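The values are calculated or read from the model by the stated rules, or taken from the named source; none is laboratory data. Keep in mind that this is a model prediction, so the values were computed, not measured. Glycine also receives a Cβ, built like all others from the backbone with ideal geometry; neighbour counts cover every protein chain displayed. What goes into the accessible areas is simple: the full protein's heavy atoms, side chains included, and nothing from ligands, DNA or RNA. Shrake-Rupley method; radii C 1.70, N 1.55, O 1.52, S 1.80 Å.
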Amino acid sequence: MIGIVNYGAGNIFSITAALKRLNIDYGMINKPEDFDLYDRIIIPGVGHAGAAMQKLVESGLSETIKGLKKPVLGICVGMQLMTDYSEEGDVDLLGIIPLKTLHFNGRVQEKVPHMGWNSIEFQNNCPLFKDIPNNSYFYFVHSYYIEHELTYGIATCAYGLPFSAAISRDNFWAVQFHPEKSGQVGEQLLLNFNEF
């Protein structure tokens, strides 16, 4: 069963709607002890990374997340929260994956935010992308991106520059795009995560 971290900064409805379509059981995590009720965790997020981090700290969830040993999937801002630092709010984040979250402004000629469908290239042996064709299109909405780096990067997207479309470390997985808004390939990714 999947637990969704409900810290007031999430796109909860679109995720729960996708999980319902896929007949995946889920519940909400509102306090640290709720983590014990679930075998897998999703950290959603939309909006401002600094504000989201503050909510995680205030709710007491941040320290528990850092110590989790079960599979965790961060989505959009939920992905950015796993990095060390974000230029959005000039804030230190959870520090689970030693990368930085940077702003597109001043680094690309393209329109910011990056919004719409874009293809990603990923490692063929990655379990998160099982049964998904390489270079598939996923739906993005973001003004900040995670630096492109091959140690923790498992998928790459290009928007004026290459950036990390997905990252992982140990039991932590994260995607910059919105699988719950990405049609069949996004649903397949959620099914894959449900099998971890």
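Taking segment 93-112 as the range and being in contact (Cβ under 8 Å) with a residue 12 or more places away in the chain and open to solvent by 50 Å² or more (accessible area, probe 1.4 Å) as the test, the residues that pass are P98, K100, N105, R107, Q109, E110.
Quick grid of which residues meet (1) of a type outside the set (S, T, N, Q); (2) open to solvent by 10 Å² or more (accessible area, probe 1.4 Å); (3) farther than 27 Å from Y38 by Cβ:
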residue: H114; (1), (2), (3): yes, no, yes
residue: N134; (1), (2), (3): no, yes, yes
residue: T156; (1), (2), (3): no, yes, yes
residue: L161; (1), (2), (3): yes, yes, yes
residue: I167; (1), (2), (3): yes, no, no
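Against the criterion of being open to solvent by 50 Å² or more (accessible area, probe 1.4 Å) and at positive phi, N125 does not qualify.
Just one of the listed residues (L81, L73, L61, L56) is closer than 16 Å to F196 by Cα, in contact with a helix residue (DSSP H, G or I) (Cβ under 8 Å, 6 or more places away or on another chain), in contact (Cβ under 8 Å) with a residue 12 or more places away in the chain and open to solvent by less than 40 Å² (accessible area, probe 1.4 Å), and it is L73. Of the helices (runs of 4 or more DSSP H) contained entirely in segment 1-99, those carrying at least 2 residues that are hydroxyl-bearing (S, T, Y) and under 26 Å from I154 (Cα atoms) fall at 12-21, 62-66.
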